[in-house]
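Scroll down for the structure; my scribbles are underneath it.
The values are calculated or read from the model by the stated rules, or taken from the named source; none is laboratory data. Just so it is clear, the structure is predicted and the values come from calculations on it, not from any experiment. With ideal geometry, Cβ positions are generated from the backbone for all residues, glycine too; neighbour counts draw on all protein chains shown.
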């Protein structure tokens, strides 16, 4: 099959780009790993309206309903439960669904594949019972699941506060909140005036925090958090004021912000920039969302973390950019102005500089015994040892330790390896590169590749 | 470790799935990964050390939710919604060629 535009991701950016491009009459296909549209932020949005969790998920979540409905009637072809494992020049996309592969062609590609939670290793983070806050929130949105027993949250940023509030509103309980944020630095306070433009957002954060304080204990100023137990999480320990503290725990939810998904743009050789404050890579894009590769666009959190509202607007801007690039519209500048896209995006991003400065990624020294690569179970100590005997290059560490060679393909350990190499070689992290990302972008079986030839012959 | 809100409200489950051969209630919208978190001991074992693992990210990134679903091993459980009668088996170690 051949289309004008292939969009990867049916979250806020992908859906709004698809809707806009269909208004121009472009043929659009939207490919998404999930069974229904919405992305992680609006996960389960079509099904949840009648669910008892719907009111607790809040007004922002409910706004996803209209977007998903507009996407459904947009006329874009929609391929749910489908993974993209290879993108080639021209463009050809290789997909797998239900164990069968297929190839589709497109004149332009929009990557709207969003973000993932920043992996932050600590002792015991592979124990059953430990997972991310985002994961728990997805369980709530998709199946209406609440954690049971002694539930602890450790982390920083808006998401733990939002999730804890949703949980409490549904009658859930939190044993305690381990706040990993550091006291606001000058850089954060300097950005407060700009953040007032999103007064509602600021107020929301304060209200969330008050609710948590009422329901459980808040621990601040601790270090060396450890999750311990035999076969599953049983207790947490941490160091505070020269003393080791210990509590019972059944579930620990962790969160240290989100980072863009970069495997696709790295594999395609796009230029990236290093966001030093938030410690992540993102594809460089121009004012239309076009990457350094012609007719390859990136929108939403995948091009830098901005949240769902900014993502819908950047999706719309990328749609205009693609329409211009493909010669579908010659009025893109005028349309951009008329829809006030730049002003709306600026407002949607008003709180972001403040949040970015408030919640920098943790930069504590990782103990040697902590597993950095979950798949191949490589410890920070083993990576340091390999790093000392090699140039400051993740490929050397990978070859020596198997770190990054498991099924997640470095999605969980990439930044950790980069940081450990920088530490050992005394370099700024920005001067150490990420793993070389090569296809396939997701594990694919020989059977799936074989099914491709049959599908190609049939068309 | 996790429980359905609707179960807490006294509602009946939407379907039955088989987890390692045992009939298990399941809920519309939940994924295989969600079931793994509700049934004690249903998670996978790491192919490296054999230690137990459970789903970590729920968004297709970490591959900790790998399970044998309707006979197909190394299925990412977080991407697959449950279906009535679905057979979910724990994946112990690496994928075998036979499945």
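Here are a few things to note about the model shown:
- If you filter the range B:64-74 down to residues that are closer than 20 Å to residue B:2 by Cβ and either surrounded by fewer than 24 Cβ atoms within 10 Å (Cβ to Cβ) or within 8 Å of chain A (Cβ to nearest Cβ) (or both), you find that the one that is farthest from the chain's Cα centre (by Cα) is B:64.
- Flag if residue A:370 is touching a helix residue (DSSP H, G or I) at 6+ places or on another chain (Cβ under 6 Å) and surrounded by fewer than 21 Cβ atoms within 10 Å (Cβ to Cβ): yes
- Restricting attention to the range A:141-153, the residues being under 24 Å from residue A:235 (Cα atoms) and within 14 Å of chain B (Cβ to nearest Cβ) number 8.
- Test: residue A:403 is within 14 Å of another protein chain (Cβ to nearest Cβ), in contact with a strand residue (DSSP E or B) (Cβ under 9 Å, 6 or more places away or on another chain), within 18 Å of residue A:120 (Cβ to Cβ) and assigned to a loop (DSSP other than H, G, I, E, B): yes
- Qualifying residue in the range B:21-31 (condition: touching a helix residue (DSSP H, G or I) at 6+ places or on another chain (Cβ under 8 Å) and more than 21 Å from residue A:48 (Cα to Cα)): yes
- Among residues of the range B:16-54, those that are away from chain A (no Cβ under 11 Å) and part of a loop (DSSP other than H, G, I, E, B), counted: 3
- Within the range A:153-173, being crowded, with 19+ Cβ neighbours inside 10 Å, assigned to a loop (DSSP other than H, G, I, E, B) and at negative phi holds for one residue alone: A:172.
- Residue match in the range A:408-418 (condition: at pLDDT below 95 and either away from every other protein chain (no Cβ under 12 Å) or in contact with a helix residue (DSSP H, G or I) (Cβ under 8 Å, 6 or more places away or on another chain) (or both)): no
- Residue A:104, sole failed condition from (1) part of a strand (DSSP E or B); (2) farther than 28 Å from residue A:288 by Cβ; (3) more than 14 Å from chain B (Cβ to nearest Cβ): (2)
- All helices (runs of 4 or more DSSP H) inside the range A:1-101 with 1 or more residues being in contact with a strand residue (DSSP E or B) (Cβ under 9 Å, 6 or more places away or on another chain) and either within 26 Å of residue A:269 (Cβ to Cβ) or in the same structural domain as residue A:339 (by TED's automatic domain parsing) (or both): A:12-23, A:64-72
- Residue A:430 falls short on exactly one of the conditions (1) buried (at least 16 other Cβ atoms within 10 Å of the Cβ); (2) under 26 Å from residue B:61 (Cα atoms), and that condition is (1).
- Picking from residues in the range A:270-318 that are part of a helix (DSSP H, G or I) and closer than 19 Å to residue A:437 by Cα, the one that is farthest from the chain's Cα centre (by Cα) is A:303.
- Condition met for residue A:170 (within 14 Å of chain B (Cβ to nearest Cβ) and either modelled with pLDDT of 90 or more or in contact with a strand residue (DSSP E or B) (Cβ under 6 Å, 6 or more places away or on another chain) (or both)): yes
- Checking residue B:93 against (1) modelled with pLDDT under 95; (2) more than 9 Å from every other protein chain (Cβ to nearest Cβ); (3) under 24 Å from residue A:44 (Cα atoms), the condition it does not meet: (3)
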